Amino acid sequence: HDIIFVTPGADLRYLTGYDALPLERLTCLAVRRTGEAWMIVPTLEKPSALAHKVPDMGIELLDWQETQNPYSLLLSAVGQPQRPLVNNLMWVEKAFGIQGASGTNVELAGKLLSDIREVKTPDEVTFLHEAGAAIDQVHMNMHKWLRPGRTEREVGKDIAEAILAAGHVTVDFVIVASGPNGASPHHELSDRVIQTGEPVVVDIGGTMASGYCSDCTRMYVCGEPPAEYLDHYAVLMAAQEAARLHARPGVSCESVDAAARSVLESAGLGEQFIHRTGHGIGMETHEEPYIVVGNKSLLVPGHAFSIEPGFYFAGKYGARIEDIVTCTEDGIKSANNTTRELVVL
């Protein structure tokens, strides 16, 4: 492989600092193995690319007019590629455009970019902890919005405003899953009215001006939850803590999953834990490393990921406790530091 093409998204922002809009018009970075780099942008996006100081990074900036073929223009600048790579999340039409202009099949960059992004620098760790502190602020104010008689959607709207007020520039997701809706891990806001005594899963996150994301889940109940729920919840807290105590440099990603899962399984809740224990996080909410069975990669200082075991009983309720943690020289540091107890409002 002698060249990689990268279109707008987290990969491009990571490599250049340019958070370009993903438009139907082509914006694309091309980097040769030898180090030369080009970026093509639509002429109307050129001021934006200049504002982000793209040429100052040693990237040759090309721009294309509406009537030109940007793919031909880019390929004539970079030369004929051998086995060109494209970033995994490139739109298919863009990949086909590069393929057509280069006359050769493109291949996925695969782990090439994620391996670079996976291990965070100290600055990136700082950004993730700032994001964590911002989302913690929102969880600490949940009593202002979450109460019986309000709908999930009404509560969600208040939370979304608070996410921005806490310092995020975008709201990435707001899950308010009351009662039986809590059994769906990625439940979308509904008009369901929250009832007294119902556990409510609140999983929220956004992106900061730095480009780094937050993601934190806490559990709430207005009134007294079912007794069996409290028993299950005590197990869940133990499972989440077991994974946090286990995670450190040199242990495998799958062993962190096993640490949480074994606690739930020994209490008979294994079948109710229906997803992996965690995902990496950085400029995307979900990225490498994934904390899942089969991932034998070892944790190293600078890894950042969620620890979020849960249990889900269809038609009844669910629960999840989620912290973002960063791997240190000898353990982990949590970016989320509000209580992991079931919060009774």
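Within region 26-76, the GluC sites (Glu not before Pro) that combine a DSSP coil assignment with at most 14 other C-beta atoms in a 10 angstrom radius are GLU66. Could you list the GluC sites (Glu not before Pro) in region 107-210 that lie in coil according to DSSP, counting only those with at most 15 other Cβ atoms within 10 Å of their Cβ? Filter output for region 107-210: GLU188. Specify the inter-centroid distance of region 114-137 and region 232-261, based on alpha-carbon positions, in whole Å. Here the answer is 21 Å between Cα centres.
Ordering THR121, THR67 by accessible surface, largest first, gives THR67, THR121; the 1.4 Å probe counts only protein heavy atoms, with every chain in place. In the assembled protein chains, TRP64 presents an accessible area of approximately 20 Å² (probe radius 1.4 Å).
Across region 131-139, coupling constants 3J(HN,Hα) worked out from phi with the 6.51/-1.76/1.60 Karplus curve, θ = phi - 60°, read 5, x, 5, 5, 6, 4, 4, 5, 4 Hz, and Gly and Pro carry x.
Of the solvent-accessible surface of the chain, computed with a 1.4 Å probe over protein heavy atoms with every protein chain present, carbon and sulfur atoms account for 55 percent. Within the chain, the ratio Rg/Rh, alpha carbon atoms throughout and Rh by Kirkwood, equals 1.04. Each other residue within a Cβ distance under 15 Å of GLY110 adds +1 if Lys or Arg and -1 if Asp or Glu, for a net charge of -3.
Couplings 3J(HN,Hα) for region 222-236, derived from phi with the Karplus relation 6.51 cos²θ - 1.76 cosθ + 1.60 (θ = phi - 60°), are 9, x, 9, x, x, 4, 5, 5, 4, 4, 4, 5, 4, 5, 4 Hz, where x marks Gly and Pro. Solvent-accessible surface of region 33-183, averaged per residue with a 1.4 angstrom probe and all protein chains in place: 50 square angstrom. Per-residue accessible area (protein heavy atoms, 1.4 Å probe) orders LYS296, LYS333 as LYS296, LYS333, starting from the largest.
From helices alone, the chain scores -9500 deg cm²/dmol at 222 nm; the rule is -39500 (n - 2.57) for each run of n ≥ 4 DSSP H residues, then divide by the residue total. The equivalent ellipsoid that matches the C-alpha gyration tensor of region 101-240 spans semi-axes of 34, 18, 17 angstrom, in descending order. Across region 43-49, computed HN-Hα scalar couplings (Karplus, 6.51 cos²θ - 1.76 cosθ + 1.60, θ = phi - 60°) run 3, 5, 9, 4, x, 5, 4 Hz from first to last residue, x flagging Gly and Pro.
With all projection directions averaged, the alpha carbon convex hull of region 199-269 covers 6.6 nm². By how many degrees, between 0 and 90 and to the nearest 10, does the Cα long axis of helix 253-266 differ from the longest principal axis of the chain? For helix 253-266, the angle is close to 20 degrees. Taking one equal scatterer on every alpha-carbon of region 1-141, how large is log10 of I(q)/I(0) by Debye at q = 0.11, 0.15, 0.21 1/Å? Log-scaled intensity ratios, in q order: -0.44, -0.76, -1.32. Label sites at SER184 and THR170, each approximated as a point 7 angstrom past Cα along Cα to Cβ, lie 2.4 nm apart.
Were the residues from GLN195 through LYS296 laid out at 0.36 nm apart, the gain over their Cα-Cα distance would be 32.1 nm. Modelled spin-label separation between HIS1 and THR328, with each label point placed 7 Å from Cα along the Cα-to-Cβ direction: 3.5 nm. Close amide H partners of HIS303, meaning residues 5 or more places away or on another chain with modelled amide H under 5 Å apart, are LYS120, CYS327. A cut-off under 15 angstrom between Cβ atoms defines the neighbours of GLU329, and their net charge, with Lys, Arg +1 and Asp, Glu -1, is +2.
Counting only protein heavy atoms and a 1.4 Å probe, region 237-345 has 38 square angstrom of accessible area per residue. Each 5 Å bin from zero holds the following percent of Cα-Cα pairs in region 215-311: 3, 13, 24, 23, 17, 11, 6, 3, 1. Here the Kirkwood formula puts the hydrodynamic radius of region 48-129 at 15.3 Å, using every distinct Cα pair.
Placing THR339, THR277 in order of accessible area, with the largest value first and a 1.4 Å probe, yields THR339, THR277.
For LEU21, the solvent-accessible surface computed with a 1.4 Å probe is close to 100 Å², ligands and nucleic acids excluded.
The values are calculated or read from the model by the stated rules, or taken from the named source; none is laboratory data. From a predicted model like this one, the values you see are computed outputs, not experimental measurements. Positions of Cβ are backbone-derived with ideal geometry, glycine not excepted, and every protein chain shown enters the neighbour counts. Just so you know, the surface numbers come from the protein's heavy atoms only, side chains and all, with ligands and any DNA or RNA stripped out. Shrake-Rupley method; radii C 1.70, N 1.55, O 1.52, S 1.80 Å.
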